[in-house]
1. Is one or more of the residues making up the stretch 121-128 more than 14 Å from the chain's Cα centre (by Cα), farther than 30 Å from L151 by Cα, among the acidic types (D, E) and loosely packed, with under 15 Cβ neighbours inside 10 Å?
2. Any chance the stretch 75-89 includes a residue that's in contact (Cβ under 8 Å) with a residue 12 or more places away in the chain, assigned to a strand (DSSP E or B), open to solvent by less than 80 Å² (accessible area, probe 1.4 Å) and among the aromatic types (F, W, Y)?
3. For residues that are open to solvent by less than 30 Å² (accessible area, probe 1.4 Å) and aliphatic (A, V, I, L, M), scanning just the stretch 14-38, find the one that is farthest from the chain's Cα centre (by Cα).
4. When you go through (1) part of a loop (DSSP other than H, G, I, E, B); (2) open to solvent by less than 70 Å² (accessible area, probe 1.4 Å) one by one for N69, which number turns out not to apply?
5. Kindly establish whether A105 is touching a residue at least 40 places away in the same chain (Cβ under 8 Å), assigned to a loop (DSSP other than H, G, I, E, B) and out of contact with any Cys (no Cβ under 7 Å at 6 or more places or on another chain).
6. Answer with yes or no whether I114 is open to solvent by less than 80 Å² (accessible area, probe 1.4 Å) and either outside any strand (DSSP E or B) or out of contact with any strand residue (DSSP E or B) (no Cβ under 7 Å at 6 or more places or on another chain) (or both).
Amino acid sequence: MCSSDLNELTEKGYDIAICIAAIKDSSLISRRIAVLDWMLCASPDYVRRHGRPQHPADLKQHACLPFLNLDLNDSVWRFERDGKRHLVKIDGPFYSNSGIALRKAALQALGIAILPRYAIAADLASGALLPLLGRYRLPPRPLLAIYPRPLAKLPKIRTFLPWLDRWFRAHDPNGGPTSATAPNR
């Protein structure tokens with residue numbers, strides 16, 4: 001569950017939500033707990049039928065699978081290469097606020113998606129999804145812990161958040177080495 005609305009969060013009895021979307025409600029506190037890398041990807045079947053984009057502008061000719069409510073303008077994808085920004089207005093057959101649903105749509109060859117690296121690592125390793133436009137960088141996104149301001153001083157919140165910070169420092173969500181497992185330099 002992820003909500004940027006205090007009423008929805010508290011009505012469902014949650015103390016904390018973990019999400020990737022920015023909050024809009026000033027009665028909620030947002031705390032960054034990790035940064036997620038994102039990848040542009042599609043299934044081999046989709047690429048075989050529609051071709052592989054070579055430049056972000058090529059995405060205008062493809063079925064794209066955007067996240068809803070992630071950005072102010074969900075239908076504009078941002079890329080960077082050599083210090084130059086590329087903004088592309090995309091369209092597609094399926095929009096969702098669920099990474100799980102977008103991953104499944106990409107696996108079913110419905111289009112091209114931008115998904116968190118951790119969510120598709122096994123698909124990339126098995127070849128079920130192919131990385132696209134690898135020379136272009138996608139902006140990383142923060143993973144946020146969101147909770148109501150009145151709960152900030154509660155012992156369970158004050159205990160859980162530092163534990164969550166330590167866990168993410170020890171378990172890189174992007175699959176890279178952590179400070180505990182990185183080789184000495």
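The values are calculated or read from the model by the stated rules, or taken from the named source; none is laboratory data. Just so it is clear, the structure is predicted and the values come from calculations on it, not from any experiment. Every residue, glycine among them, receives a Cβ derived from its backbone with ideal geometry; neighbour counts consider all protein chains shown. Protein only, heavy atoms only, side chains kept; ligands, DNA and RNA dropped before computing areas. Shrake-Rupley method; radii C 1.70, N 1.55, O 1.52, S 1.80 Å.
1. No - not one qualifying residue is present in the stretch 121-128.
2. yes
3. It comes out as L28.
4. Condition (2) is where N69 drops out.
5. So A105 fails the test.
6. It is false that I114 is open to solvent by less than 80 Å² (accessible area, probe 1.4 Å) and either outside any strand (DSSP E or B) or out of contact with any strand residue (DSSP E or B) (no Cβ under 7 Å at 6 or more places or on another chain) (or both).
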